[in-house]
1. Percent of Cα-Cα pairs more than 37 Å apart in chain B, please.
2. Explain nothing, just the number: dipole magnitude of chain B about its Cα centre with +1 on each Lys and Arg Cβ and -1 on each Asp and Glu Cβ, in debye rounded to the nearest 20.
3. Hey, if you drop one equal point scatterer on each alpha-carbon of the range B:380-484 and run the Debye formula without solvent, what base-10 log of I(q)/I(0) do you get at q = 0.25 Å⁻¹?
4. Using Cα positions and a limit of under 14 Å, work out the aspartates and glutamates in reach of residue B:601, with same-chain residues fewer than 8 apart set aside.
5. Using the Cα centre as the reference, give the magnitude of the dipole from point charges on the C-beta atoms of the range A:142-257 (Lys, Arg: +1; Asp, Glu: -1; all else neutral), rounded to the nearest 20 debye.
6. Calculate the radius of gyration of the Cα atoms of chain A to one decimal place, then report Dmax, the largest Cα-Cα distance, as a whole number, both in Å.
7. Before anything else, pin down the relative contact order of the range A:2-239: Cα pairs under 8 Å, at least 6 apart, normalised by residue count, whole percent.
8. Which value, in Å to one decimal place, does the Kirkwood hydrodynamic radius take for the range A:21-93 when every pair of different Cα atoms is included?
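No value in this document is a laboratory result; all are computed from the given coordinates. Please read these numbers as outputs of a predicted model, since none were measured by experiment. Cβ placement follows ideal geometry from the backbone for every residue including glycine, while neighbour counts extend to all protein chains displayed.
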Amino acid sequence: MIRIRNLHKTFNAGSLDQLTALKEINVDIGEHEFVTIIGTNGSGKSTLLNAIAGNIRPEKGTIEISGRDVTSKQDFQRAKYISRVFQNPYTGTAPGMTIAENLLMAWFRGRRRYPVISLKGSLKHQFKQQLASLDMQLEERLENLMGTLSGGQRQAVTLLMAVLQTPKVLLLDEHTAALDPKTAAQVIRLTQKFVTANKLTTVMVTHSMQHALELGTRILMMHNGRIIEDIQENEKQNLTMEDLLNKFEDIRKIEKLTPELMESLKNQYR
Amino acid sequence: MDLWIGAVNLGILYAFMAIGTFITYKLYSFPDITIDGTFTTGAAVASILIVDGWNPILVLPVAFLVGSMAGFITGFIHTRFKIEGLLAGILVMTGLYSVNLHIMGKSNIPLLNSHTFVSILTEMNPGLNAELWHCIFLCLVVLLFWMLTSLFLKTDVGLTMRATGNNPAMVSAQGVSVNRMKIFGISMANGFVGLSGALIAQYQGFADIGMGIGSIIFSLAAVIIGEAILRHRSMFVKVLGVILGSIIFRLAVAMALHFGMNPNDLKLITAFFVLVTLIASGVLGSGSTGWLKYVQNQYSSNRKAFLIVFMLALLLMAGYLMLKPVILKKDSGKMVKIGLIMANNSDIVTQTRDGILSELTKLGYVNGKNCVILEKNAEGDIPTNHTIIGYYLNKQVDIYVPISTASTQAALNKIKDKPIVFATVANPFMIGAGTSPVNHPPNITGVYGPSPIGDLLAVFRQMYPGKVRIGTIYNPAYPNTVSNLRDLKKALENDKEITLEEVTISGTNDVYHAALALSNKKICAFVLINDLTVFNSFESVVRISKNSKIPIFSCDAERLKDGALIVYGFEYFVSGMQAAHLIDRINKGESPAQIPFEKYKIVTYGVNYDVARELGISIPLSIQAAADASVKNGKLTKPPFILPKEGS
């Protein structure tokens, strides 16, 4: 489904702040796979996600989605295949428009829009039913402004918008990081539900070791712009939190991380 | 009543522009200043096509298209080259000024005798008051426009536009090109503005290069008023608010005029009003603290109170209007009402006014005793001429006295059954007031005359014979200037030994550089045609004249004391005196139809000996003998103005 070859990205090339975010990334993600990406801060996991989405242009390498080379395509052109949920719950929805209007935007993801009024009776009814599946009592608030919803509710609607038209690839960028633990759990439950129901090919960046273990079929561990571990489904089933932390320990040995840095890393992934 | 209905009509026509600003400013948070240029572009395209014989309704979509092309350019450079929105707008607006001049070919196109939507409406009039009939029709049109616009904003495309302004990252993730959507919206907005320009040009009877100035502030005001009086999420209510805002704004202009406010202060008050509302509604950033936050809270919680105060004001106004006929009857009796309309504050206009007033006094007219003399100045703002006339219609003025071309044009267009006496118009035929001094519309007469450039050249030739080079500076944006330049070139056709160097300017700031450029071209004299811009910065030319010892010859008598060497020109004070006599004749029962247009009767031929000494130029005796005015040792001497007797 996703095929990435020799991907390379450097920020601020040629300046003192030069930062190589991705180095020779080669990865294939198959159909219906649910991949979680973990890694240290600045390891390149968000950059990789943005490169797949088309927000970042790599200077080398190619990205293919279901056989099409999309490397030169911009984000809105890739939206035909890809839907996204952002870390910031306010990025994915338009606060000044109603829930129904937001859903309509997603209903036409990647499709041509015409000057006709589609948002009426039957479609509204359909949206209402889908909102009910969120279990957040939003189905009666179809005409409320998005801005009146809480962060968690907005993120749940964003998730619904992402799957309203079944995407070829679903990208989740630490989409629970800004939520309180209870809401985060709720959104994770919804994520699981939608991905399973639609058998979606999913790539999720997460800071939570627990989410990485519980969700998905495969784990990619990144460090310093490289994929250093690729844990496939059969290995992942028996993986424990301890194993993952040991793998970080290995990085420490290779990279000679200071114990303080190691400690902060552990805290981060607790 | 005409004043108020006229204001409503203007408000409706300007509503199309306000909708454009609503799209850019409210939907995209990008106050698009391009519209200052686009408005004129729409008017220019419409007028040129109408003069060419196009159907006045058919020109509207063309104006829309051309307007949207201008918007497209703004949107394109804003999105493609990441140039800040405001700057992109300013760039395109500045460029459009030249484009508009090219489209029009001159700075003002009269549509007085052309087929416009107004003349079509007049033909269909079932016998109502003209303004009222227009109003009824325009209300129907705007009703349709309101429905269509609101519905469009509810369609999938309309929703996507709104979402683009609300959260670009989100629409991008939904597969919409934010850039393309922005360009589309800005194009559409400017299309509406162009349409508005085309409608206004037809309604007021001319297109003028300066008619778009300040559009952005006025339409922002309309949008903000609309938002303050009607607050609801529904697109129907929002769009209706903008239309009402536009009408209310025009009513406010009329009201300001009605209560004797200087219309020029309106711009300051509008700008202030827009700023205060922006601050109060918290648009300028949410991080405000202290008193600012208090004001914002007060505003948002007391919007109802604001609305009530506003309604009360409207009620009071309505009450006043109903009682007004009673009040007016008391004091005005049977006195003749004379209404002076001045286009601006230039010397030429004020001299004319002084001439009219002083001669009227001599003829026995005393303001408040046996006549009522009203005076209003549009201060250079073209639409205000129109509003002044509406105001006079309301006051039931008997004789309309427009001074200068712009005011006369406005009066010609609106006043059909009352006498008009114009004064100080270079070429009344150019603006559609008939074809010759005797063949003119029955309700119009006045005083006119092109500047005597041929005579000035003859004097110049006495001093500089042989092969010479002269320089002139002018602003092509003024219709009078263009007509004066044509006269100068015509006069030069008979004299092949004079080479003319011309430099065009677009504002007073350019005059100094223009004069400098000419002085470098080895000219022997500045021969200046009458041009307001040049006269407003005449000092700049005088400085170059002194530094490079190049004398100034001018067609404007007033310039003698300012530093011209030789002047040969009409006295505008006398133009006013002549107009006063015409007013008197009409008041005594003569019909303007029987009074031919008069040319200016007194010419001043003057020499400034101080300048001659400073530049080291000796004045030939023949000129010294012929000249009737002079400046010597800082003292101006002029013969008194005595009008020749009638018929002589």
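1. Summing the P(r) tail past 37 Å for chain B gives 43 percent.
2. The calculated dipole for chain B is roughly 1000 debye.
3. Summing over Cα pairs of the range B:380-484 leads to -1.38.
4. B:571, B:646
5. 240
6. Computed over the Cα atoms of chain A, radius of gyration and Dmax are 19.3, 62 Å.
7. Answer for the range A:2-239 is 29 percent.
8. Taking the inverse mean of 1/r over all distinct Cα pairs, the range A:21-93 comes out at 13.5 Å.
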